[in-house]
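Worksheet: the structure to be examined is printed underneath.
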Amino acid sequence: GADVLDVGGESTRPGAGAVAEAEERRRVVPVIRRLAAEVGLPVSVDTRRAVVAAEALAAGAEIVNDVSALTFDPAMAGVVSTAGAGVVLMHMSGTPETMDAAATYADVAQDVAAELALRRDAALAAGIARDTIVLDPGIGFAKTVEQSFSLVNRLASLVALGQPVLVGPSRKRFLGAATGRPVHERDAATAAACVALRLRGARLFRVHDVRAAREALAV
């Protein structure tokens, strides 16, 4: 039931270490080439690196999902613009190694919306078309449990910017805090979070268990 397949070769979960560029390319480019040729769905590449994005787009990807919102690699905006690709701009403070210590906001919903508005404007200035830009609040990325729930509840702050909003609540720590379930037993909670976010304006949902989320959203 998926509409898009998102392929990444570097974990960006809290505490994750960086992967070498050559290794990231080795992991994702052949997979994207086969998916694009054989599956018939749009493919997104989840990467912070312009070289990886460029090779993935040449292999058949149509979207770049950048957790750094084009800030990690100065060449990324040009790659996206030149290719005419879609782009997901996600909010994250710090790096995967440091993000847990960077969860400091005056008002998390307003701060995330303001920072993503700046990143959207930077993308536009780099020649990326407005109708190709998607915003992601980065639930769980440099966000405490309480801040993640606040982002869910107050997603309207981000929706008001006028771009489609993608959310990735799947199996995140805030769901474990609410349910007491370990990471691989959080799909029911994920489906519930997707419904809550859909009611608040989200339109794209990045999940592990596609069927459960799709059925919940259908209801």
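With protein chains left intact and a 1.4 Å probe, residues in the range 106-219 average 49 Å² of accessible area per residue. Note on the range 167-213: along the principal axes its Cα atoms extend 27, 19, 12 Å, ordered by decreasing extent.
Is the C-alpha gyration tensor of the range 128-190 telling us rounded, prolate or oblate? Criteria: a/c under 1.5 is rounded; beyond that, a/b larger than b/c is prolate, otherwise oblate.
It comes out prolate by the Cα gyration axes.
Taking a ≥ b ≥ c as the square roots of the eigenvalues of the alpha carbon gyration tensor, the chain is rounded, as a/c is under 1.5. For the range 67-196, the alpha-carbon radius of gyration amounts to 1.08 times the rule-of-thumb value 2.2 N^0.38 Å expected for a compact globular protein. When the alpha-carbon atoms of the range 34-125 are used, the pair Rg, Dmax equals 14.5, 47 angstrom.
Peptide packing: for 81-89, 211-219, 59-67, the average count of neighbouring Cβ atoms within 10 Å per residue gives the ranking 59-67, 81-89, 211-219, highest mean first. Relative contact order of the chain: 15 percent, from C-alpha pairs under 8 Å at least 6 residues apart in sequence.
Taking a Cβ cut-off of under 12 Å around Ser157, the surrounding Lys, Arg, Asp and Glu residues balance to a net charge of -1, with basic ones at +1 and acidic ones at -1. Using the Cβ atoms and a cut-off under 14 Å, what net charge is assigned to the surroundings of Gly201, where Lys and Arg are +1 and Asp and Glu are -1? Net of charged neighbours comes to +3. Considering only Val39, Val80, Val167, give the residue with the highest GNM mean-square fluctuation for the chain, with springs between Cα atoms whenever their separation is below 10 Å. Between Val39, Val80, Val167, it is Val39 that shows the largest mean-square fluctuation.
For the chain, the fraction of 1.4 Å probe accessible surface lying on carbon and sulfur atoms is 54 percent.
The values are calculated or read from the model by the stated rules, or taken from the named source; none is laboratory data. Note that the structure is a prediction, hence the values are computed from the model and not measured. Positions of Cβ are backbone-derived with ideal geometry, glycine not excepted, and every protein chain shown enters the neighbour counts. Accessible surface is based on the protein model in full, side chains and every heavy atom, while ligands, DNA and RNA are left aside. Shrake-Rupley method; radii C 1.70, N 1.55, O 1.52, S 1.80 Å.
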